[in-house]
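Inspection log for the structure reproduced underneath, given as structure tokens.
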Amino acid sequence: QIQRAGITESQAADTSKPSIQGNADSSSDNLLPALAWLRGKINISRWYDAKPPDELLDGRLSREMCQKRILPDSLIYDYIDWYTHEEKVGEWLQRSGNSQNSICWGEGAEAEQWFEDLLTGKRCDRPWVVMSASDVPQSSFQRWTQEAPAVMGLDPLILEFCRNLTHDTRRVPHITDPFWKTWQSSGMPVPEKMLGPMNILEQNLLQSCAGANRNILRVSAMAHSKTSWDMCANVE
């Protein structure tokens, strides 16, 4: 089961992309093709509503749209996170656009085996909610007391969504908030070890969603010596 936090699972996007930062009314010329297509189907301003109860949006992406536009766009814009085959654990923060690695699932028989393992859930026991090396191989955040629906969306909205579920009224910075440049004034609790605004967000995100009994995919750079993240992890 998947819930949305301001955006549906099929519409989840990277907050680093200029096409989704801030203005929901920007022209189609400034949007990625898939986002422009969505804008013609739904009111994307609703993506910024993180208050439960959750509901599915109209205009969900089709298989054809994903095949023709979403995946091709991702393979271009997320190149360094797709082409990671045989990358060693601990090296994922050193990726560059000049990588000579092949796509993360390999080629030929190796790729076929990867997809077979995927469909049988062979790697499902790996930790998916990871803040530090201590969350590998068993995450301290994945201790569900009941069924834990997966939540996907923009990171600040996921945090707000999870806090709303537990009636936590503390303010969450919007994706256009100065927090991302001046995090000291945000009032968000700072982890013991931190690497700037994103790391602060991660700590609060993992704690809040674990407390709300919601499952998210988050592998922090703080744990890069023990585990890694790439687009194959997203596919899994």
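The values are calculated or read from the model by the stated rules, or taken from the named source; none is laboratory data. Source: prediction; values computed, not measured. Because the Cβ atoms are built from the backbone with ideal geometry, glycine has one as well, and the counts that use them run over all protein chains shown. Side chains included, ligands, DNA and RNA excluded: accessible areas come from the protein's heavy atoms. Shrake-Rupley method; radii C 1.70, N 1.55, O 1.52, S 1.80 Å.
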Tell me the carbon and sulfur percent of the accessible area for the stretch 96-171, rounded to whole percent, probe radius 1.4 Å.
50 percent
I need the per residue convex hull volume for the stretch 72-169, using only the alpha carbons, in cubic angstrom as a whole number.
165 Å³
Can you give the relative contact order of the stretch 70-183 as a percent, counting alpha carbon pairs under 8 Å and 6+ residues apart?
12 percent
Between Met152 and residues 5 or more places away or on another chain, which pairs have amide H atoms under 5 Å apart, with H built 1.01 Å from N, and which residues are they?
Gln3, Ala5
Amide hydrogen neighbours beyond the local backbone of Val219, cut-off 5 Å, H modeled:
Val130
Between Ala150 and Glu116, what is the label-point separation in nm under the 7 Å Cα-to-beta-carbon projection?
2.3 nm
